[in-house]
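The values are calculated or read from the model by the stated rules, or taken from the named source; none is laboratory data. This is a predicted model, so every value here is computed, not measured. Cβ sites come from the backbone with ideal geometry, for glycine too, and all protein chains shown count toward neighbours.
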Amino acid sequence: MESARRDQGLTIVLFGKTGNGKSSVGNIILSTLEAREFFPIASGLASKTETIAEISAEDIKVVDIPDFTNLEVGGDDIRHEIRSLSNSLTHTQYAVLLAVRCDVRYTKEEYDIYREFKTLWGKGICSHLIVAFTFGDRQDHNLDEELETVNPELKSLLSDAGRQYVLFNDMSDSKDKKLQIENLLKEIGNLPRRRQEGVSPEQTASGMRTTEQNVVSGSTESKWCCFV
């Protein structure tokens, strides 16, 4: 498995619902580099940042996109900036990390936020998507096994990401954080990849159902693991 080629420059885009720890993931990444600044961490439920923030260190640029559904003002501006950012990264090496808490239930609200972000980003997002599970200090079971029994929304997200994910623990020591970033760079080394749902647009048009269509249709067959 190859690691990401940092000598060519790498952009890591962070997104997720407010409170899911995306900025903390960004700071874990920056802490392993020669970074001189870090992302502010909001202590409340509302996002404190109303603009997309970028911090570069060595050959990596980390981009923190605020939850546009949780801003008092500026949500539409963020949506426009997401489209522009997507276009600017088309011919570059990049990864999109979607922050998801591993210690609470993945909700329909989170999935709807992701679906809007996916629409804004446009074609190709699934080829660059990695799920960043956060609050790893609260994960006391085997994550790989638990992800076999998740609800339809999270199953659809993991399918979009080709089941590529990394577990982050902001409470760990510097040595462990470096291992987390090594795992992330290995996953990024597999990008871009083909979509792995096994359903082509032509098949969907002819009547076959994608995982996302099953979720939207209201499937209630779900099992919860640690995400409850």
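Go through the residues of the range 78-91 one by one and say whether even a single one is loosely packed, with under 14 Cβ neighbours inside 10 Å, acidic (Asp, Glu), in a helix (DSSP H, G or I) and touching a residue at least 12 places away in the same chain (Cβ under 8 Å). No: zero hits. Residues in the range 112-135 that are within 26 Å of ASP173 (Cα to Cα) and free of Cβ contacts under 8 Å to residues at least 40 places away in the same chain: VAL131, PHE133. Of all the numbered requirements in (1) touching a residue at least 24 places away in the same chain (Cβ under 8 Å); (2) part of a helix (DSSP H, G or I); (3) surrounded by fewer than 18 Cβ atoms within 10 Å (Cβ to Cβ); (4) out of contact with any helix residue (DSSP H, G or I) (no Cβ under 8 Å at 6 or more places or on another chain), ASP144 misses one, and that requirement is (1).
Restricting VAL96, VAL73, VAL104 to those that are modelled with pLDDT of 95 or more and of a type in the set (Val, Ile, Thr) reduces the list to VAL96.
Only one of the listed residues (THR134, THR149) is polar (S, T, N, Q) and within 23 Å of ILE188 (Cβ to Cβ). That residue is THR134. If the requirement is being modelled with pLDDT of 90 or more and more than 17 Å from GLY124 (Cβ to Cβ), which of these qualifies: SER206, SER217, SER174? Testing whether each residue is modelled with pLDDT of 90 or more and more than 17 Å from GLY124 (Cβ to Cβ) leaves just SER174. Considered as a group, the residues in the range 156-170 that are in a helix (DSSP H, G or I) and crowded, with 21+ Cβ neighbours inside 10 Å include one that is farthest from the chain's Cα centre (by Cα), and that residue is SER156.
Looking at (1) modelled with pLDDT of 95 or more; (2) touching a Cys at 6+ places or on another chain (Cβ under 6 Å), which is the one condition that is false for THR149? All conditions are met except number (1).
On inspection, THR18 qualifies as touching a Pro at 6+ places or on another chain (Cβ under 9 Å), outside any helix (DSSP H, G or I) and in contact (Cβ under 8 Å) with a residue 40 or more places away in the chain.
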